[in-house]
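Each reported figure results from applying straightforward, stated rules to the coordinates on display, with no laboratory input. Small disclaimer: the values here were computed from a predicted structure and weren't measured. Here the Cβ positions follow ideal geometry from the backbone for every residue, glycine too, while neighbour counts run over all protein chains shown.
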Amino acid sequence: MKVNKGLIPAAGSGSRLGPFTKAIPKELLPVGDKATIEHVVEAMSLAGIEEVVIVISPHKHGLSDYLGSGKRLGVRLTYVVQDERRGLADAVLAGEHVLKGPFAVVLGDNFFTPNTFLSDLISYHIECNADATLGVVEVDDVSRYGIIDVEGGRVVDMIEKPTQSQAPSKLGSIGAYVFQECIFDAIRKTQPGHMGEYQLTDSIKILIGEKKRVIYRKVNGIHIDVGTPQDLMRANACYMNLIDD
Ligand code: G1P
């Protein structure tokens with residue numbers, strides 16, 4: 001199996017980073033000397049991914065102005081528009097016509113270091129012959145993440161943004177996944193969930209229910225969901241080696 005395709009959802013509104021995001025897509029806010037999303041594209045390129053679909057929403061053409069064809073970053077980029085914001089699962093489905101075979105998904109507004117995390121996730125997915133592999137870290141605030149329940153290396157349940165008491169573990173999805181094409185059928189069967197949106201977490205639950213091989217990999221390193229000004233500051237401090245986290 002070879003995983004040489006990727007998809008980066010970048011259609012979110014970034015309201016918590018306003019008013020910057022009235023003018024600039026949140027994925028273009030800088031972490032160090034490059035936009036947040038450029039770090040993600042770099043991680044994909046480093047992992048051997050050659051073709052990347054960027055899912056944008058209307059008015060986010062700044063992303064294609066910044067990233068261009070992808071040549072500078074060693075990948076070929078295709079931009080797909082998600083007309084309405086209907087959740088992460090819907091954003092992934094928007095790329096179906098471009099993606100054939102297994103592919104990686106990494107959220108465009110998340111920062112990870114070291115950027116080899118994706119190579120590791122893909123190798124593990126291939127080695128385990130999985131249908132879906134989720135990158136996870138131990139998190140403090142479970143209410144910001146998709147939290148997994150595990151048994152013998154497999155993911156047996158997943159809850160999107162649970163309360164402390166609902167959370168089956170502290171293992172939170174970092175928004176980096178590797179999927180076989182069966183995820184598209186699972187997304188089509190997904191009903192709107194948390195916040196009335198089509199959640200990728202619920203599509204993954206469908207795969208689990210269908211006895212597909214859904215596994216997880218604990219990622220060594222730092223993950224920051226760059227959703228607030230504080231997160232952006234933390235990601236910058238982390239990138240500049242000013243803090244460990
Ligand atoms: C998304 C996913 C969630 C994941 C998180 C990582 O949530 O739905 O499962 O843990 O990214 O940052 P969002 O932050 O887009 O609301």
Checklist outcome for this item: The one condition residue 200 fails out of (1) touching a Pro at 6+ places or on another chain (Cβ under 8 Å); (2) near the ligand (Cβ under 10 Å from one of its atoms) is (1)
Checklist entry - Filter the range 95-109 for residues that are at negative phi and of a type in the set (Gly, Ala, Ser); which is farthest from the ligand (Cβ to nearest atom)? => result 95
Checklist outcome for this item: Scanning the range 183-201 for residues that are among the polar types (S, T, N, Q) and over 16 Å from residue 105 (Cα atoms), the one surrounded by the most Cβ atoms within 10 Å (Cβ to Cβ) turns out to be 190
Checklist entry - Just wondering, is there one or more residues in the range 67-85 that are surrounded by 23 or more Cβ atoms within 10 Å (Cβ to Cβ), in contact with a helix residue (DSSP H, G or I) (Cβ under 8 Å, 6 or more places away or on another chain) and farther than 23 Å from residue 203 by Cα? => result yes
Next on the checklist: Being within 21 Å of residue 181 (Cβ to Cβ), away from the ligand (no atom under 13 Å from the Cβ) and of a type outside the set (A, V, I, L, M, F, W, C) is the filter here; which residues of the range 110-138 pass it?
Outcome noted: 123, 124, 125, 127, 129, 131, 133
Checklist outcome for this item: Those residues of the range 211-245 which are part of a loop (DSSP other than H, G, I, E, B), more than 12 Å from the ligand (Cβ to nearest atom) and of a type in the set (S, T, N, Q) amount to 220, 241
Next on the checklist: Condition check: in contact (Cβ under 8 Å) with a residue 24 or more places away in the chain and β-branched (Val, Ile, Thr). Does residue 148 satisfy that?
Outcome noted: yes
Next on the checklist: With the requirement that a residue be in contact with a helix residue (DSSP H, G or I) (Cβ under 9 Å, 6 or more places away or on another chain), within 12 Å of the ligand (Cβ to nearest atom) and part of a strand (DSSP E or B), what does the range 156-171 give you?
Outcome noted: 158, 159, 160
Checklist entry - Can you tell which of 174, 204, 208 is crowded, with 22+ Cβ neighbours inside 10 Å, in contact (Cβ under 8 Å) with a residue 24 or more places away in the chain and assigned to a helix (DSSP H, G or I)? => result 204
Next on the checklist: Going by what's in this entry, would residue 185 be described as within 20 Å of residue 95 (Cβ to Cβ) and more than 15 Å from the ligand (Cβ to nearest atom)?
Outcome noted: yes
Checklist entry - If only one of 141, 149 is among the charged types (D, E, K, R) and either crowded, with 18+ Cβ neighbours inside 10 Å or within 11 Å of the ligand (Cβ to nearest atom) (or both), which one is it? => result 141
